[in-house]
Structures are given as structure tokens and as C-alpha cells.
Amino acid sequence: AALLAGTLASALTLHLFSDPVEIKALRRDLLAWYDRCKRDLPWRTLAATEPDADRRAYAVWVSEIMLQQTQVATVIDYYNRWMQKWPTLQTLAQASLEEVNELWAGLGYYSRGKRLQEAARKVVSELAGRMPRTAEDLQKLLPGVGRYTAGAIASISYGQATGVVDGNVIRVLCRLRCIGADSNSPAVIDHLWDMANALVDRSRPGDFNQALMELGATVCVPKAPLCGDCPVKQHCRAWRRVEKELAFASQKLFRKPAPVLDVEDCGAGGCPLCPPATEPWDSSLGVTNFPRKAAKKQPRVARTATCVLERRGCQGALEYLLVQRPSSGLLAGLWEFPSVPLAQDLQEEKQREALADHLQAWLGQPVPAGGLQLIGEVVHIFSHIHQTYVVYSLPLDEDVTSDPASSPSRWVTEEEFHASAVSTAMKKV
Ligand code: SF4
């Protein structure tokens, strides 16, 4: 057992940065590249120029929440509008959820905006407007702030020497150290956090973390990484393995004595960080052998009938009925056309009846199922739901008001619809 433990321990060092000289060189190479090549982004400018620590932390926090699950190019415009409208925690704390949802509309994962605003209220009311000053306190005290966001805020805003691990960092570190076990497994995630904390540059932690993420976003990308341009390739074991294989192949071609192929796997059975024995290194994949993920769960398939109810408003313009979703759960608090979930394989006639019953509850009067016009279907993919909206329309002749006893509803013009807190799925509808 002692021998096995010893073998495993030495094997694990293959997945570590254990040489202080190499760590220093990696920090230097990565930061020099970042200084030359970093993208000019509004939150970076704010973090670098804002003298007030609370404002700086707030500016970084907003960007980090918006960037979760969303591309940089999409976030920039939302970020600029948000910071213009609510430049401080105090101004955000005074905003209504409706305003937050309106600005967030189209950015997806709507609970992020809601939680950001709740957390801002907490900082103002319970922490005297002062942001917590360490990653540990940020994570402990702010709702919606996890380990990654806390590390990003603390390192970028306060210069705390703490690492971060997000999707980009996972990819880069797994390639640098040939980590091929499931990158979502707790053993791998713990290992990556340890590595990120050991690697982070002590004098420029915020820049180092951003550089690592920037490398993953622009060079060490998922499908076709630009290894030739990579500033840290000499520290990358996945790249080294590919280079060795190429050298090996060319030596074989010219019938020179074949060098020994120094395989970068641990060679010790049972290493919790190597690829599973059943899925060894695949030469055709090169560095993209890493990272590996366990098979993703299939998204749930759902169908929903939705109706665009239309009436002529008192100004003569067409108006559409919107109703508000419950304040918790998917798309909480957003507005939508009246919608009802459908059982799978429900016949069209039954769909109409279900929708007509639902509309009756909103309008306070019977709705003939036969009057509903089927327009078509719209598919929208949420992170875990493959949602199909079956879209109907129903023009109403008279001035109909919806049942005020039901949860909030309102009639809006097309222009008002686009300015409302509605999801991307409803805009598609
Ligand atoms: Fe990623 Fe290639 Fe750089 Fe390695 S050499 S870190 S695989 S881009």
C-alpha cells in the first residue's frame, strides 16, 4: 500500500506545477502577453481607473455576473447601459426589480440580475454600503456570489492573491498539465483550485487571473486552439506531447532510429487526474484531448401553448396582452403572452382546449377554442430545457379587459412590448 501511495504521489506531480522556477517563468510569460494583447473592455478600464474600492468592486462584480454564461461581445452593451443607469451600489439598491428585468431582457439567466440587485440592497442596508474586502467574506456575505466571482472581485478590485477557476481556466490548466479525468468531478475541481491559487502572481493577481481567462477565451479555445501563438506553450504538457508525437512520426518516416516516446500519462494505474483507461489519449485530437467531461445530461423536452391576444386600444393602436410569470422559478417575474404547459403528444384539438381554458381565466369570459388561429412553432433552448412554443393568435373584436383578480397582466403596444421585461423566447414568439 505504501509503495502504491508513493507511486501515485510521484505520478500526481506530473499534474502539478512543482518547480518554482517554472512557476515564475509562466507568470512572467503570461503577464507579458496580457500586457501586449489584452482586449480593451469597459469593466477593465473601470477597474484600472476607479479610485474608490467599493465602486471598483461593484464595477467588477456587475461584469462578472453578466459574463457568466454569456459572450463578451453581447455583454459590453448591457454593461455600459447598466453602469450608466446604476453607477453605484446605492443607485442599484434603489431600483425596482421591474427596471432590472427590463435592462436584463435578452441577456438570459434572469435570476442573475435579480440576485445582483438583492445583494446590492443587502450591502447598503446591512453592511453600510461597504463591499466585503476578501474573497472569503464576499462569498460568505453576498447572495449569488460563489467561489469564482468572489475570487475575481477580490483579486481584480483589491489585489488579493487568490486564484480563480472558470470554464476558460479549467480548459487551460487541464491542457497545461494533461488532466484528462472528468473536469466536473470534485477531485479535479479541487485540484484546479489548488493549482490556480499556487500559480497566481503575488504582485499582480487580478491581471494574472484575467490573463489566464483571456488566454482561454482567445488562444486556448475549445475546438482549434492557436498553440503556435501561445505564450505559455513551453509550459504546456499537452502541447509537448503533440510535438513529440510529430517528431516521432517524422523520424519513423525517414527510418531514423525511433526515439522513445515519453508518454506524459502518469503510468500509474488509478491516477484520479489521468484520462480513464477506457478513453486513453487520442492522437487525432491533439491538445483537445483535454479537458474531458462526463456525458452531458440530455435537456428536458417541453411543449407550451402560447397565445398572442390582440385588441384595438383606445388610441387606435393594436395592443397585446402580457401576463407576469411567478416571482420564483424559470424566468421569474418576466412578462409573457398567456401560456400553458402541454403534455407530450397532445392532439391539436386538445391543445386548443387547454389554451382556451387558460385564456378564459385571464379574460374572465369564455374563449371559443375554434377561434384560436395556429400560427406555428418556435423552439427555444434554455440551458436544461428544450422548449417548443406552439403559437396561436386571437384577435378580439371589442375592448376586453383581463380579469383583475388574476396575477398581474397588462395590454401593451408593439413598442411597449419591446421595452418590457420579456424573455428572448417571447421575442421570438
Ligand atoms: Fe492551450 Fe495550446 Fe497554449 Fe497548451 S500550447 S495552453 S493547449 S493554446
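Does the range 156-175 contain at least one residue that is assigned to a loop (DSSP other than H, G, I, E, B), β-branched (V, I, T), within 14 Å of the ligand (Cβ to nearest atom) and open to solvent by less than 10 Å² (accessible area, probe 1.4 Å)?
Taking the range 156-175 and keeping what is assigned to a loop (DSSP other than H, G, I, E, B), we get 159-166.
Right, trim to β-branched (V, I, T) and you get 162, 164-165.
If we keep only those that are within 14 Å of the ligand (Cβ to nearest atom) as well, we get none.
No, the range 156-175 contains no residue that is assigned to a loop (DSSP other than H, G, I, E, B), β-branched (V, I, T), within 14 Å of the ligand (Cβ to nearest atom) and open to solvent by less than 10 Å² (accessible area, probe 1.4 Å).
Please work out if A295 is out of contact with any Phe, Trp or Tyr (no Cβ under 6 Å at 6 or more places or on another chain) and open to solvent by 40 Å² or more (accessible area, probe 1.4 Å). Walk me through it before giving the result.
Working: out of contact with any Phe, Trp or Tyr (no Cβ under 6 Å at 6 or more places or on another chain): yes; open to solvent by 40 Å² or more (accessible area, probe 1.4 Å): yes.
When the stated conditions are applied, A295 passes them.
Being within 16 Å of the ligand (Cβ to nearest atom) and either within 25 Å of I153 (Cβ to Cβ) or under 21 Å from the mean Cα position of the chain (by Cα) (or both) is the filter here, so list the residues in the range 177-208 that pass it.
Taking the range 177-208 as the starting set, the residues that turn out to be within 16 Å of the ligand (Cβ to nearest atom) are 177-180, 183, 192, 195-196, 199, 208.
Answer for the range 177-208, where residues must be within 16 Å of the ligand (Cβ to nearest atom) and either within 25 Å of I153 (Cβ to Cβ) or under 21 Å from the mean Cα position of the chain (by Cα) (or both): S183, L192, M195, A196, L199, F208.
Here are E416, E349: which of them is surrounded by 13 or more Cβ atoms within 10 Å (Cβ to Cβ) and out of contact with any Leu (no Cβ under 7 Å at 6 or more places or on another chain)? Sole residue among the options that is surrounded by 13 or more Cβ atoms within 10 Å (Cβ to Cβ) and out of contact with any Leu (no Cβ under 7 Å at 6 or more places or on another chain): E416.
Results for (1) in contact (Cβ under 8 Å) with a residue 24 or more places away in the chain; (2) at positive phi, shown as yes or no for each residue.
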| position | (1), (2) |
| --- | --- |
| V301 | yes, no |
| C307 | yes, no |
| L322 | yes, no |
| D345 | no, yes |
| A354 | yes, no |
| A369 | no, no |
| L372 | yes, no |
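Scanning the range 268-281 for residues that are within 16 Å of W33 (Cβ to Cβ), at pLDDT 85 or above and within 16 Å of the ligand (Cβ to nearest atom) turns up nothing.
Scanning the range 178-193 for residues that are loosely packed, with under 13 Cβ neighbours inside 10 Å and of a type outside the set (G, A, S) gives P186, D190.
The values are calculated or read from the model by the stated rules, or taken from the named source; none is laboratory data. Quick caveat: nothing in here was measured; it's all calculated off a predicted structure. Cβ coordinates were reconstructed from backbone atoms using ideal geometry, including for glycine residues, and neighbour counts include every protein chain displayed. We work out accessible area using only protein heavy atoms, side chains counted, and drop any ligands, DNA or RNA first. Shrake-Rupley method; radii C 1.70, N 1.55, O 1.52, S 1.80 Å.
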